[in-house]
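Each remark here refers to the structure printed beneath this line.
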Amino acid sequence: MTFGHGIHRCLGQQLAWEELRVTLPALFARSSGLWVAGEATFPAGALMSGPSRLPVEW
């Protein structure tokens with residue numbers, strides 16, 4: 001429950017998602033040889049968002 005749920009949702013959630021949207025492509029562009037090395041796995045529960053595992057190789 002990284003950002004909460006319902007009325008208890010984190011006010012900074014949108015900022016955090018925007019930071020990731022900008023930062024991750026920049027990281028991959030600047031780090032030559034860094035790539036996603038497999039499928040992302042997501043948790044079974046509906047309360048968590050985002051991957052629980054994202055394999056990368058450098």
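Summary of values
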| quantity | calculated |
| --- | --- |
| Top-ranked residue in region 16-36 [being outside any helix (DSSP H, G or I) and on the phi < 0 side of the Ramachandran plot; ranked as modelled with the highest pLDDT] | Val36 |
| Residue selected from region 38-58 under the condition of a type in the set (A, V, I, L, M) and modelled with pLDDT of 80 or more, by the criterion surrounded by the most Cβ atoms within 10 Å (Cβ to Cβ) | Leu54 |
| So Leu11, is it surrounded by 11 or more Cβ atoms within 10 Å (Cβ to Cβ), among the aliphatic types (A, V, I, L, M) and out of contact with any Leu (no Cβ under 7 Å at 6 or more places or on another chain) | no |
| Matching residues, region 24-37, being surrounded by 10 or more Cβ atoms within 10 Å (Cβ to Cβ) and in contact (Cβ under 8 Å) with a residue 24 or more places away in the chain | Ser31, Leu34 |
| Tabulated pairs, region 4-23, first closer than 15 Å to Gly50 by Cα, second modelled with pLDDT under 85 and surrounded by 10 or more Cβ atoms within 10 Å (Cβ to Cβ), C-beta under 6 angstrom, 6+ apart or interchain | Gly4/Cys10; Gln13/Phe3 |
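The values are calculated or read from the model by the stated rules, or taken from the named source; none is laboratory data. Remember, predicted model here, so these are calculated numbers, not experimental data. Don't worry about glycine lacking a Cβ; one is built from the backbone with ideal geometry, like all the others, and counts go over all protein chains shown.
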